[in-house]
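Below is one structure; the comments refer to it alone.
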Amino acid sequence: MTGQKADKVVTAAFLVIGDEILSGRTKDRNIGFTADYLTSIGIDLKEARIVPDDREEIAAAVNALRARYDYVFTSGGIGPTHDDITAECIAEAFGVPLLLDPRAVAILEAHYPPGQFTPARQRMARIPEGADLIENKVSKAPGFKIDNVYVMAGVPAIMQAMMDAIAPTLATGKKMLSRTVPADMPESRIAERLATIQDTHPQTLIGSYPQADNGKFTTQIVIRSRDEAILTAAAEDVARAVAELSG
């Protein structure tokens, strides 16, 4: 990674772009992947949004998110069709022109057979002025980075390859650690004890997640902290409470 800052919390937002996601025609697989990926390298995903293929909506979301978080990652809308408008919206958000980028042109001309780099495919070489390219090892059409905004493809395999390409360049913070304590009881039975434990360990985040199987309710209790010792102490208190309430 570019620079792990042990005590700094690095934050990010993820913006999914596409009418097909909001209509239900395409099921998003990128938010969950990104949440897992960023957590594993020490970046906290704080917000995820889905917006339609609408110029004003995309530009407004990008500007709002990039002002609030260290990083913004987007997926979708950088393909060859008329409704792939993400690149022009990002250019508009930053107030820069959208250009046929010679670096992207060279990559795509080398990829396609002679005469096959059509006007539609040339749309994938349009990059906002001043942006850096993001390598695409899968289908070659690059994504791009401008300031703290990383623009990637919507196809999961391509988006994941792009994330691998940019990960070494990202500044990261101290990783969030977690422990899970199973409780063979409904969360209502342990809710009061969890509130007390949370107050006792303010440097942790404690969440309870109910589950039901054939009419039986159980709970998974997840404790998170950036400090191993604090995490262990809180998890032990939770496990003790579960044992006492199970007796």
Checklist outcome for this item: Residues of region 99-121 being within 21 Å of A59 (Cβ to Cβ) and buried (at least 17 other Cβ atoms within 10 Å of the Cβ), in sequence order, are D101
Checklist entry - Consider P202 against the criteria (1) assigned to a loop (DSSP other than H, G, I, E, B); (2) in contact with a Ser or Thr (Cβ under 9 Å, 6 or more places away or on another chain); (3) free of Cβ contacts under 8 Å to residues at least 40 places away in the same chain: it satisfies all of them except one. Which criterion is unmet? => result (2)
Item to check | Positions within region 80-98 being under 23 Å from the mean Cα position of the chain (by Cα), part of a loop (DSSP other than H, G, I, E, B) and among the β-branched types (V, I, T), in sequence order | outcome: I85
Checklist entry - Do you know which residues across region 28-67 are in a helix (DSSP H, G or I) and in contact with an Asp or Glu (Cβ under 8 Å, 6 or more places away or on another chain)? => result L38, R55, A59, L65, R66
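Inside region 171-198, can you point out the residues that are assigned to a helix (DSSP H, G or I) and closer than 13 Å to A241 by Cβ? It would help to see each step written out before you state the result.
Kept after step one, since they are assigned to a helix (DSSP H, G or I), are these residues of region 171-198: 187-198.
E187, R189, I190, A191, E192, R193, L194, A195, T196, I197, Q198 - these are the residues of region 171-198 that are assigned to a helix (DSSP H, G or I) and closer than 13 Å to A241 by Cβ.
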Item to check | Failed condition for D164, given (1) charged (D, E, K, R); (2) closer than 30 Å to Q211 by Cβ; (3) not in a loop (DSSP other than H, G, I, E, B) | outcome: (2)
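Of the residues M152, M124, which is under 23 Å from the mean Cα position of the chain (by Cα), at pLDDT 95 or above, hydrophobic (A, V, I, L, M, F, W, C) and over 20 Å from N63 (Cα atoms)?
On the way: M152 fails: over 20 Å from N63 (Cα atoms).
Residue meeting the stated conditions: M124.
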Item to check | So F73, is it closer than 22 Å to M124 by Cα, aromatic (F, W, Y) and modelled with pLDDT of 95 or more | outcome: yes
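Consider V9 carefully, then state whether it is touching a residue at least 60 places away in the same chain (Cβ under 8 Å), outside any helix (DSSP H, G or I), crowded, with 16+ Cβ neighbours inside 10 Å and not polar (S, T, N, Q). Spell out the reasoning first.
Details: touching a residue at least 60 places away in the same chain (Cβ under 8 Å): yes; outside any helix (DSSP H, G or I): yes; crowded, with 16+ Cβ neighbours inside 10 Å: no; not polar (S, T, N, Q): yes.
Criteria not met by V9.
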Checklist entry - Of all the residues that make up region 190-233, how many are over 25 Å from K174 (Cα atoms), charged (D, E, K, R) and surrounded by 15 or more Cβ atoms within 10 Å (Cβ to Cβ)? => result 1
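Is it the case, given these coordinates, that F14 is of a type in the set (F, W, Y), crowded, with 19+ Cβ neighbours inside 10 Å and within 16 Å of the chain's Cα centre (by Cα)? Please lay out each step first, then the result.
Values: of a type in the set (F, W, Y): yes; crowded, with 19+ Cβ neighbours inside 10 Å: yes; within 16 Å of the chain's Cα centre (by Cα): yes.
Yes.
Please determine whether any residue of region 70-79 is surrounded by fewer than 16 Cβ atoms within 10 Å (Cβ to Cβ), in the same structural domain as V16 (by TED's automatic domain parsing) and not in a strand (DSSP E or B). Explain how you work it out, then say what you get.
We begin by selecting, within region 70-79, every residue surrounded by fewer than 16 Cβ atoms within 10 Å (Cβ to Cβ); these are none.
So far as region 70-79 goes, no, none of its residues is surrounded by fewer than 16 Cβ atoms within 10 Å (Cβ to Cβ), in the same structural domain as V16 (by TED's automatic domain parsing) and not in a strand (DSSP E or B).
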Checklist entry - Among V9, V16, which is among the aliphatic types (A, V, I, L, M), within 25 Å of S178 (Cβ to Cβ), in contact with a Gly (Cβ under 9 Å, 6 or more places away or on another chain) and at pLDDT below 95? => result V9
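Output yes when any residue across region 23-43 is closer than 27 Å to G95 by Cα, hydrophobic (A, V, I, L, M, F, W, C), touching a strand residue (DSSP E or B) at 6+ places or on another chain (Cβ under 9 Å) and outside the structural domain of L205 (by TED's automatic domain parsing), and no when none is. If you could, list the steps in order and put the result at the bottom.
Step one: list which residues in region 23-43 are closer than 27 Å to G95 by Cα, which gives none.
No, because not a single residue in region 23-43 is closer than 27 Å to G95 by Cα, hydrophobic (A, V, I, L, M, F, W, C), touching a strand residue (DSSP E or B) at 6+ places or on another chain (Cβ under 9 Å) and outside the structural domain of L205 (by TED's automatic domain parsing).
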Next on the checklist: Checking the conditions here, which among K145, K140 is surrounded by 13 or more Cβ atoms within 10 Å (Cβ to Cβ), assigned by TED's automatic domain parsing to the domain that holds D70, among the charged types (D, E, K, R) and assigned to a loop (DSSP other than H, G, I, E, B)?
Outcome noted: K140
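The values are calculated or read from the model by the stated rules, or taken from the named source; none is laboratory data. Computed from a prediction, not measured in an experiment: that's the story for all the values here. Note: ideal-geometry Cβ built from the backbone for every residue, glycine included; neighbour counts use all protein chains shown.
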